[in-house]
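A.B. asks: Take this structure, written in structure tokens, and hold onto it; I'll ask about it next.
The values are calculated or read from the model by the stated rules, or taken from the named source; none is laboratory data. As the structure is a computational prediction, the values presented were derived from the model and not from experiment. Every residue, glycine among them, receives a Cβ derived from its backbone with ideal geometry; neighbour counts consider all protein chains shown.
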């Protein structure tokens with residue numbers, strides 16, 4: 001193998017990887033397919049110190065593997081790689097585009113996650129899926145009951161209370177088969193409730209024993225769910241230049257469409273982690289409901305903004321500010337101090 005390799009781009013897959021190596025001038029040395037077993041050995045035989053991959057499935061795992069080999073690993077958002085693909089899209093073109101994108105001095109890279117952060121993020125993803133399944137189940141129950149002429153008010157609590165009574169009630173329009181089906185649906189709902197409660201308890205236990213999560217929970221509107229999700233999404237706060245960059249990473253800053261010296265700011269960009277943004281907005285909404293009772297600087301600002309711009313815009317603006325505060329708290333590793 002050539003000893004002038006400076007950068008290696010890897011198009012990730014499950015079993016067969018496309019590996020492109022370039023020299024200091026950006027010239028392609030080789031671009032070939034490699035099996036999963038051959039990949040670590042191939043990189044060990046190269047003198048390149050930089051490995052570039054898209055931030056996609058299994059990227060964080062391979063990042064940790066290559067870091068242990070002493071390699072400098074860089075992850076790039078797939079959207080930033082696409083402009084560098086020449087002509088048709090294929091694995092070889094993707095791997096070459098990775099090397100080209102990584103050579104740009106202003107390219108932005110994604111921070112690799114630790115195993116602990118991946119564990120926490122996995123728990124949040126599983127919980128989100130189970131909550132979604134529970135919502136879909138309740139909507140189905142309500143819709144099926146309507147076909148029997150039984151209308152239930154919205155809300156999971158209503159279904160929990162009323163469905164067992166409807167199954168036991170012998171004077172409604174439900175048939176024997178219908179009662180059995182709705183009994184099974186109720187049992188499924190109880191099981192999902194238990195699963196959501198179990199994983200929520202595990203997340204809360206992590207927040208209670210993790211020092212950074214404890215510091216984050218001193219910020220208004222940040223509880224165990226938001227604190228653990230922030231820890232998993234943020235990684236090392238030192239990788240962000242300031243709090244605004246972290247807020248932009250979460251998609252909580254205005255989307256800009258400016259030209260000709262005229263600045264045009266639209267709604268929030270909604271980039272980054274959708275669930276993290278959703279949790280922060282929920283936390284901001286909960287915090288804003290009680291800020292009229294307080295007399296600190298943040299509460300006065302939020303209440304004034306709510307009076308001027310309305311509740312919805314104030315909630316999103318507060319979520320933006322809370323994300324910046326959380327970044328500062330995580331960077332300094334100190335609890336939030338209320339400003340008078």
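Quick grid of which residues meet (1) at negative phi; (2) at pLDDT below 95:
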residue	(1), (2)
6	yes, yes
29	yes, yes
62	yes, no
70	no, yes
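A.B. asks: Can you tell me which residues in region 133-158 are surrounded by 14 or more Cβ atoms within 10 Å (Cβ to Cβ) and part of a loop (DSSP other than H, G, I, E, B)?
C.D. replies: 148, 150, 152
A.B. asks: Ok, one more. Could you check, for region 159-175, whether at least one of its residues is in a helix (DSSP H, G or I), within 34 Å of the chain's Cα centre (by Cα) and surrounded by 14 or more Cβ atoms within 10 Å (Cβ to Cβ)?
C.D. replies: So far as region 159-175 goes, yes, one or more of its residues are in a helix (DSSP H, G or I), within 34 Å of the chain's Cα centre (by Cα) and surrounded by 14 or more Cβ atoms within 10 Å (Cβ to Cβ).
A.B. asks: Does residue 180 meet the test of being assigned to a helix (DSSP H, G or I), over 26 Å from residue 281 (Cα atoms) and without any contact (Cβ under 8 Å) to a residue 40 or more places away in the chain?
C.D. replies: Considered against the rule, which asks whether it is assigned to a helix (DSSP H, G or I), over 26 Å from residue 281 (Cα atoms) and without any contact (Cβ under 8 Å) to a residue 40 or more places away in the chain, residue 180 comes out as yes.
A.B. asks: On the basis of being without any contact (Cβ under 8 Å) to a residue 60 or more places away in the chain, in the same structural domain as residue 283 (by TED's automatic domain parsing) and either part of a helix (DSSP H, G or I) or within 31 Å of the chain's Cα centre (by Cα) (or both), does residue 204 make the cut?
C.D. replies: no
A.B. asks: Out of region 90-113, which residues are over 20 Å from residue 26 (Cβ atoms) and without any contact (Cβ under 8 Å) to a residue 24 or more places away in the chain?
C.D. replies: none
A.B. asks: Are there any pairs, at least 6 apart or on different chains, whose C-beta atoms fall under 9 Å, with the first in region 51-80 and without any contact (Cβ under 8 Å) to a residue 24 or more places away in the chain and in the same structural domain as residue 233 (by TED's automatic domain parsing) and the second part of a helix (DSSP H, G or I) and exposed (fewer than 14 other Cβ atoms within 10 Å of the Cβ), and if so, which?
C.D. replies: Partner pairs satisfying both residue conditions: none exist.
A.B. asks: Next question, about the same structure. Would you check if residue 197 is out of contact with any helix residue (DSSP H, G or I) (no Cβ under 7 Å at 6 or more places or on another chain), in the same structural domain as residue 138 (by TED's automatic domain parsing) and assigned to a loop (DSSP other than H, G, I, E, B)?
C.D. replies: Answer is no for this residue.
A.B. asks: Residues 44, 93, 57: which one is surrounded by fewer than 12 Cβ atoms within 10 Å (Cβ to Cβ), farther than 30 Å from residue 207 by Cβ and out of contact with any strand residue (DSSP E or B) (no Cβ under 8 Å at 6 or more places or on another chain)?
C.D. replies: The conditions single out 44.
A.B. asks: Same structure, new question: Quick check on region 114-126. Is at least one of its residues closer than 13 Å to residue 53 by Cβ and buried (at least 17 other Cβ atoms within 10 Å of the Cβ)?
C.D. replies: No, because not a single residue in region 114-126 is closer than 13 Å to residue 53 by Cβ and buried (at least 17 other Cβ atoms within 10 Å of the Cβ).
A.B. asks: A further question on this structure: Please go through region 265-298 and pick out each residue that is surrounded by fewer than 19 Cβ atoms within 10 Å (Cβ to Cβ), over 24 Å from residue 108 (Cα atoms) and over 19 Å from the mean Cα position of the chain (by Cα).
C.D. replies: Once the filter is applied, which keeps residues that are surrounded by fewer than 19 Cβ atoms within 10 Å (Cβ to Cβ), over 24 Å from residue 108 (Cα atoms) and over 19 Å from the mean Cα position of the chain (by Cα), region 265-298 yields 285, 286, 289, 290, 292, 293, 294, 295, 296, 297.
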